[in-house]
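The structure under discussion appears below in the form of structure tokens.
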Amino acid sequence: MTSTDSTPSTKGTLPDVGALLGIDHGLKRVGIAICNTEQTLAVPLETWTSQTPAVDADHFRRLIRDYRIQGLVIGLPLMNQTGQESKQAAVCRKFGRWLSQETGLPAVFQDERYSSAHAETLLWSLGESPGKSKGRLDGLAAQVILQSYLDRGKSEIRNSKSEGNSKSQI
């Protein structure tokens, strides 16, 4: 599986075209989001309640087949102030390696700091209480994780194009 230690992975490690799954891994629930094949827009797909490894693997393989998924973006919990990996990060990395192996898809880790807070803000803006919408909150957090990965990739592409343009003008 492709990743860089505690820093988020760059867009170049997954296919540039095709749907991706965004994953917000928790001990009880897994928030799942999907993006369009152009990799511009992420939307929440579902919140999966973890069961046994065999049942979970079957569920993810079914999603991957049904939605023609090309890669996985897994949220990596980092400490807010320092950016170092939290204790939960090791659990997420283990889950990511397992999921990549079970599905045969490439996977990257994406900094998930503030994704739950952002998802809570989205729920409040819809007039919903995050405390009463835990399942929905996980799917929205996965959407935030995936969208931040997509946006980061677009930013890197824009920067490389502008550097290329300035070099060609010299």
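Quick note: the coordinates plus some simple rules give every number you see, no bench work behind them. Just so you know, these numbers come straight off a predicted model, no measurement behind them. Because the Cβ atoms are built from the backbone with ideal geometry, glycine has one as well, and the counts that use them run over all protein chains shown.
Among residues other than S148 whose Cβ falls under 9 Å from its Cβ, what is the net charge (Lys/Arg +1, Asp/Glu -1)?
Charge balance in the 9 Å sphere: -2.
If you add up the charges near E46, with Lys and Arg at +1 and Asp and Glu at -1, over every other residue whose beta carbon is less than 12 angstrom from its beta carbon, what do you get?
Result for the neighbourhood of E46: 0.
Starting from the Cα-Cα distance between V43 and K28, subtract it from 0.36 nm times their residue separation and give me the gain in nm to one decimal.
3.3 nm
Among T47, T13, T37, T52, which comes first, second and so on when ranked by fewest other beta-carbon atoms within 10 Å?
T52, T37, T13, T47
Which residues in the range 53-67 have a backbone N closer than 17 Å to a point placed 7 Å from the Cα of Q101 along the Cα-to-Cβ line?
Zone members listed by number: 53-58, 60-61.
Can you tell me how much longer the chain between S50 and N36 gets when fully stretched, taken as 0.36 nm per residue apart minus their C-alpha distance, in nm with one decimal?
Computed gain between S50 and N36 is 2.5 nm.
Please report V108, V91 as a ranked list, fewest other C-beta atoms within 10 angstrom at the top and most at the bottom. Intermediate values should be presented prior to the final figure.
Working: V108 24, V91 14.
The fewest-first ordering by Cβ neighbours comes to V91, V108.
7 Å from Cα along Cα→Cβ at both D16 and D66: what's the point-to-point distance in nm?
Result: 3.1 nm between the two label points.
By how many nm would the segment from Q88 to D151 grow when fully extended, if each residue of separation counts as 0.36 nm and the alpha-carbon distance is taken off?
Extending this stretch completely gives an extra 20.2 nm.
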